[in-house]
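Step one of this worksheet: look at the structure below.
Quick note: the coordinates plus some simple rules give every number you see, no bench work behind them. Just so you know, these numbers come straight off a predicted model, no measurement behind them. Cβ: placed from backbone, ideal geometry, glycine included. Neighbour counts: every protein chain shown.
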Amino acid sequence: MLWNTLLLALRAIRRNLMRSFLTILGIVIGVAAVITMVTLGNGATKSVSDQISSMGSNLIMLIPGQRFGAGSSGAPNFKLADVESIRNQIGVAKAVAPIANKATTAVYMAENWSTVVSGSNNDYFKAGNWELAAGRTFTEAEERAGKAVCVIGDTVRTKLFGGQNPVGSEIRIKQFACEVVGLLKAKGQSAMGSDQDDTVVMPLRTVQRRLTGSQDVNRLTVSVREGASIDAVKDQLTLLLRERRNIGETEEDDFRVLDTRQLAETLTGTTRILTMLLGAVAAVSLLVGGIGIMNIMLVSVTERTREIGIRLAIGALEREVLLQFLIEAVVLSSLGGLIGIALATGASIALSNLMDIPYLFDAGINLLSFFFSAAIGVIFGYFPARRAAGLNPIDALRHE
Amino acid sequence: MTDATALIRLSGITKTYGQGQAAFLALKGVDLAIEPGEFVAIMGPSGSGKSTVMNILGCLDTPSSGTYVFEGVHVEQLTRDQRALLRRNYLGFVFQGYNLLARTTALENVELPLIYRGEPAAARHAAARAALEQVGLGGWEDHTPAELSGGQQQRVAIARSIVTRPAVLLADEPTGNLDTRTSQEIMDLITALNRDRGITVLMVTHEPDMAAYAKRTIRFVDGRVESDQLNGGAD
């Protein structure tokens with residue numbers, strides 16, 4: 001019975017090619033849209049977390065104030081002495097980099113470029129996973145004396161020097177000349193979307209003396225040895241800094257301790273919300289596809305009711321007719337689902353290449369949208385048929 | 001059970017459509033018996049109940065009361081599926097509107113009842129081809145109803161009804177949509193099936209010319225059998 005009914009179902013699909021095609025099309029578009037959106041969203045999330053790990057592994061950032069960003073409610077900045085103290089007290093700290101930032105303009109010959117100068121030490125390069133493309137980092141003497149030397153990022157090089165090797169040249173920052181001693185390898189965009197290569201690094205003392213005019217350090221970056229517990233180090237850092245900043249037991253911290261994992265969670269959380277949003281929009285298109293199928297099925301119900309009448313009259317059992325319609329619906333919706341998945345895979349791979357994000361196959365969303373589409377097809381293909389097959393054969397035959 | 005040889009026996013069959021005030025009594029107690037091998041024309045004006053009795057005889061519809069015995073089986077006690085199996089194994093239908101599956105070839109239309117019977121593909125194809133040959137449509141196997149004339153479509157429908165070698169052929173206004181000449185060809189075909197293969201034929205018609213092909217005419221008026229007579233000499 002199953003074999004014969006399968007034959008009948010396939011014949012019915014074949015003789016209504018247009019209707020079958022339209023049914024499949026609705027599912028194909030819906031499934032492809034949902035899968036593509038979610039896959040691209042996942043890829044974007046992955047890309048963000050990859051970029052965060054490119055910032056450096058096992059990285060802890062200390063920021064004054066409780067809020068992200070500048071202007072943090074008057075909490076005092078860090079001091080250079082904090083760096084020494086951390087180095088002495090936190091054994092697993094591999095690198096401790098104080099950072100003082102100043103936005104300014106760099107000039108070379110006739111070219112000028114607005115960038116951010118970071119004052120730090122050689123630990124800055126270690127903590128941030130920076131590698132040198134040319135030249136060298138700072139010498140101890142340069143750091144101590146606050147000499148006018150700098151290491152520049154790839155973007156600054158391109159803007160000021162074009163393709164030339166900048167090492168040995170002098171650029172002008174504000175009113176002083178500064179010798180370029182090193183060039184950093186390009187790292188690309190950061191997780192926040194800013195250009196990490198748009199940077200000029202100088203010894204901390206140079207920046208403090210010549211640009212900011214204060215002893216303040218805006219930020220501390222601590223890199224921890226592999227295998228060390230980040231959470232334990234964070235606790236130790238918090239205790240240490242509370243003590244150094246004279247915070248009473250009942251008072252809250254006036255600084256934040258962030259690690260890259262936390263940052264990753266915050267940022268991937270954002271892209272995940274976007275993914276869900278895109279997925280929801282795509283789910284609407286799947287629903288619209290479903291309504292399209294419902295429409296086609298309902299329009300064809302008159303013709304199909306008469307067909308059911310004919311089948312019943314020549315001796316088909318009600319369950320044989322229903323099984324046939326069920327098979328038809330399942331075959332069409334699964335076919336649509338499979339084509340949709342194939343299309344989505346192609347589109348996702350092409351688009352993630354275009355958007356420069358990794359392609360991640362998500363079995364969950366593939367299965368989910370496949371079964372959702374199959375359910376739509378089966379519900380709208382089968383239930384009108386069930387009503388018709390329950391009629392007296394003569395009523396089904398006379399259906400207008 | 002006075003007549004033990006009867007193939008079909010209806011006693012006190014009534015059929016009511018609708019309920020309460022709007023109820024309409026289409027059949028008001030019909031008794032009739034049909035012997036194997038008969039060719040019966042059922043006539044009557046529209047609304048007389050001739051089609052209703054035909055649908056009940058064909059197990060396409062159920063009576064409101066009364067008994068219907070087919071080869072000793074009480075049809076009114078059968079389940080829906082059992083009635084379907086009775087149609088599948090004993091009855092063949094020809095309708096006024098042909099009722100072929102659209103966009104489906106003649107061969108596939110004819111073999112449809114055999115598929116439900118579970119016949120293997122080779123036997124099915126052979127039987128369907130033979131049936132089409134018999135109705136004079138050899139060579140038209142691959143044509144769809146849209147590519148066939150009305151008379152040809154009705155021939156396909158007849159081929160479909162006889163491919164299972166049914167005991168009874170029920171024809172509801174089989175020539176109603178056809179011109180006179182084609183009607184005569186169809187009636188000749190049905191007559192031959194009755195004569196040569198012994199298929200019992202029950203045919204509803206309102207045309208006396210077509211009824212004349214039958215050996216017996218039952219006339220319905222107002223939901224009752226008005227007259228039931230043998231056609232003298234018509235063969």
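For A:Phe371 paired with A:Ala228, estimate the spin-label separation in nm (one decimal), with each label point 7 Å from Cα along the Cα-to-Cβ line.
My value for the distance between the label points is 4.7 nm.
Taking just the C-alpha trace of the range A:1-50, give me its Rg and Dmax in Å.
In order Rg, Dmax, the Cα atoms of the range A:1-50 give 18.7, 56 Å.
Considering only DSSP beta bridges with both partners in the range B:8-230, what is the antiparallel share in %, to the nearest 5? Show your work: numbers first, answer last.
Numbers: 21 of 38 bridges.
Antiparallel bridges: around 55 percent, rounded to the nearest 5.
GluC sites (Glu not before Pro), restricted to the range A:117-207: which are DSSP loop and have at most 15 other Cβ atoms within 10 Å? Walk me through the numbers before you get to the answer.
Working: sites: A:Glu131, A:Glu140, A:Glu142, A:Glu143, A:Glu170, A:Glu179; in loops: A:Glu131.
Answer by residue number: A:Glu131.
How compact is the range B:124-187 by the rule of thumb for globular proteins, expressed as Cα Rg over 2.2 N^0.38 Å?
Details: Rg = 11.6 Å, N = 64, 2.2 N^0.38 = 10.7 Å.
In units of the 2.2 N^0.38 Å rule of thumb, it is 1.09.
Considering every pair of different Cα atoms, what Kirkwood radius, in Å, is found for the range A:264-400? Write out the running numbers ahead of the final one.
Working: mean 1/r = 0.0575 Å⁻¹.
So the Kirkwood estimate lands at 17.4 Å.
Between A:Ser114 and A:Leu338, 0.36 nm times their residue separation minus their Cα-Cα distance comes to what?
Details: separation 224, 0.36 × 224 = 80.64 nm, distance 5.22 nm.
Result: 75.4 nm gained on full extension.
Can you tell me the dipole magnitude for the protein assembly as shown around its Cα centre, using point charges on the Cβ only (Lys, Arg +1; Asp, Glu -1), in Debye to the nearest 20? Don't skip to the answer; put the middle values down first.
Values: 61 positive and 63 negative charges, 246 e Å.
In total the dipole reaches around 1180 debye.
Rounded to the nearest 10 degrees, what's the angle between the helix B:121-134 long axis and the longest principal axis of chain B, both from Cα atoms, 0 to 90?
Roughly 80 degrees between the two axes.
Can you pull the one-decimal nm distance between simple spin-label points at A:Leu287 and A:Asp395, each 7 Å off the Cα toward Cβ?
3.4 nm
What angle, in degrees between 0 and 90 and rounded to the nearest 10, separates the Cα long axis of helix B:150-162 from the longest principal axis of the Cα atoms of chain B?
Result, in degrees: 80.
Loop-only check: which GluC sites (Glu not before Pro) in the range A:211-249 are DSSP coil with at most 13 other Cβ within 10 angstrom? The partial results should precede the final answer.
Numbers: sites: A:Glu226, A:Glu243, A:Glu249; in loops: A:Glu226, A:Glu249.
Counting only loop positions with at most 13 other Cβ atoms within 10 Å, the GluC sites (Glu not before Pro) in the range A:211-249 are A:Glu226, A:Glu249.
Specify the residue with the greatest mean-square fluctuation among B:Ser51, B:Ser183, B:Ser64, computed from a Gaussian network of chain B linking alpha-carbon atoms under 10 Å apart.
B:Ser64
Between A:Ala75 and A:Arg209, what FRET efficiency comes out of the Förster formula 1/(1 + (r/R0)^6) with R0 = 25 Å and r the beta carbon distance, rounded to 0.05? List each step's numbers first, then the result.
Numbers: r = 24 Å, r/R0 = 0.94.
So, using R0 = 25 Å, E works out to roughly 0.60.
For chain B, just list the percent of Cα-Cα distances falling in each 5 Å bin from zero outward, please.
So the P(r) values, bin by bin, are 1, 7, 14, 18, 19, 16, 12, 8, 4, 1, 0, 0.
Out of B:Ala157, B:His143, B:Thr200, whose Cα points farthest toward the positive end of the dipole of the range B:8-230 (charges: +1 Lys, Arg; -1 Asp, Glu; placed on Cβ)?
So the residue we want is B:Thr200.
Using a Förster radius of 45 Å, what is the FRET efficiency between A:Leu2 and A:Ser53 based on their Cβ-Cβ separation? Nearest 0.05, please. If you can, show how the numbers build up before the last one.
Numbers: r = 54 Å, r/R0 = 1.19.
Using R0 = 45 Å, I get an efficiency of 0.25.
Quick check: convex hull over the Cα atoms of the range A:47-171, volume per residue in Å³, rounded to an integer? Don't skip to the end; give the middle numbers.
On the way: hull volume 18.9 nm³, N = 125.
Convex hull volume per residue, Cα atoms: 151 Å³.
Where Lys and Arg each count +1 and Asp and Glu each count -1, what net charge lies around B:Thr144 among other residues with Cβ under 10 Å from its Cβ? Before the final figure, lay out each step's value.
Working: positive: A:Arg15, B:Arg103; negative: B:Glu108, B:Asp142, B:Glu147.
Charge balance near B:Thr144 sits at -1.
Which of the peptides A:227-233, A:279-285 is most tightly packed, and how do the rest follow, judged by the mean count of other Cβ atoms within 10 Å per residue?
The peptides rank, most packed first, as A:279-285, A:227-233.
For every helix of n ≥ 4 consecutive DSSP H residues, a contribution of -39,500 (n - 2.57) applies; sum these over the protein assembly as shown, divide by its total residues, and give [θ] at 222 nm rounded to the nearest 500 deg cm²/dmol.
Details: 20 runs with 302 residues, N = 635.
The helix contribution divided over the protein assembly as shown gives -15500 deg cm²/dmol.
Name the long-range amide H neighbours of B:Leu27: under 5 Å, sequence gap of 5 or more, or other chain; modelled H, no Pro or chain starts.
Distant-sequence amide H within range of B:Leu27: B:Lys15.
May I ask what percent, to the nearest 5, of DSSP beta bridges between residues of chain A are antiparallel? Could you put the intermediate results ahead of the total?
Working: 37 of 46 bridges.
Counting only bridges with both partners in chain A, antiparallel ones make up about 80 percent.
Give me Rg/Rg_expected for chain A, where Rg uses Cα atoms only and Rg_expected = 2.2 N^0.38 Å with N residues. Kindly include the intermediate steps, with their values, before the conclusion.
On the way: Rg = 32.9 Å, N = 400, 2.2 N^0.38 = 21.4 Å.
In units of the globular-protein estimate, chain A measures up at 1.53.
Mind checking the full-extension length gain between B:Ala122 and B:Ser149? Use 0.36 nm per residue of separation minus the Cα-Cα distance, one decimal, nm. Display every interim value, and only then the final one.
Values: separation 27, 0.36 × 27 = 9.72 nm, distance 2.82 nm.
Residue separation times 0.36 nm, minus the Cα-Cα distance, leaves 6.9 nm.
Set the Förster distance to 51 Å, then compute FRET efficiency between A:Asp362 and B:Ala33 from the Cβ-Cβ distance, nearest 0.05.
Working: r = 72 Å, r/R0 = 1.40.
After rounding to 0.05, the efficiency reads 0.10.
Quick one: dipole size for the range A:76-253, taken about the Cα centre, charges +1 on Lys/Arg Cβ and -1 on Asp/Glu Cβ, in debye to the nearest 20. It would help to have the intermediate numbers written out before the result.
Working: 23 positive and 23 negative charges, 107 e Å.
My answer is approximately 520 debye.
Treating only the Cα positions of the range B:157-222 as identical point scatterers, give the base-10 log of I(q)/I(0) from the Debye formula at each q in 0.18, 0.19 Å⁻¹.
Evaluating at q = 0.18, 0.19 Å⁻¹ gives log10 I(q)/I(0) of -0.65, -0.72.
For the cross-link pairs A:Lys79/A:Lys102; B:Lys50/B:Lys215; A:Lys46/A:Lys187; A:Lys46/A:Lys185; A:Lys94/A:Lys234, which exceed 19 Å when the distance is taken from alpha carbon to alpha carbon?
Details: A:Lys79/A:Lys102 16 Å; B:Lys50/B:Lys215 17 Å; A:Lys46/A:Lys187 17 Å; A:Lys46/A:Lys185 23 Å; A:Lys94/A:Lys234 14 Å.
Result: A:Lys46/A:Lys185 exceed 19 Å.
Residue by residue through the range A:140-152, what is 3J(HN,Hα) from phi via Karplus (6.51 cos²θ - 1.76 cosθ + 1.60, θ = phi - 60°)? Round to whole Hz and write x for glycine and proline.
4, 5, 5, 4, 5, 7, x, 6, 7, 10, 8, 10, 10
When only Cα pairs under 8 Å and 6 or more residues apart are kept, what is the percent relative contact order across chain B?
Details: 462 pairs, mean separation 65.0, N = 235.
Computed over chain B, the figure is 28 percent.
When all C-alpha to C-alpha distances in the range A:76-253 are sorted into bins of 10 Å, what percent of pairs does each bin hold, rounded to whole numbers?
Computed distribution, short to long bins: 10, 36, 33, 16, 5, 0.
Give me the one-decimal nm value for the distance between modelled label points at A:Ile379 and B:Gln82, 7 Å along each residue's Cα-to-Cβ direction.
3.8 nm
How about B:Lys28: which aspartates and glutamates have a C-alpha closer than 14 Å to its C-alpha, ignoring those fewer than 8 places off in the same chain?
B:Lys28 reaches B:Asp222, B:Glu226.
Hydropathy at least -1.0 by Kyte-Doolittle, axial extent at least 24 angstrom from the Cα trace: which helices of chain A, defined as entire DSSP H runs, fit? Intermediate results must be reported in sequence, preceding the final value.
Details: long enough: A:17-54 (53 Å, 1.14); A:260-299 (57 Å, 1.29); A:318-354 (53 Å, 1.33); A:363-389 (37 Å, 1.18).
For chain A, where a helix must reach 24 Å along its axis and average at least -1.0, the hits are A:17-54, A:260-299, A:318-354, A:363-389.
By how many nm would the segment from A:Glu249 to A:Asp235 grow when fully extended, if each residue of separation counts as 0.36 nm and the alpha-carbon distance is taken off? Spell out each step's value before the answer.
On the way: separation 14, 0.36 × 14 = 5.04 nm, distance 1.49 nm.
Separation in residues times 0.36 nm, less the Cα-Cα distance, equals 3.6 nm.
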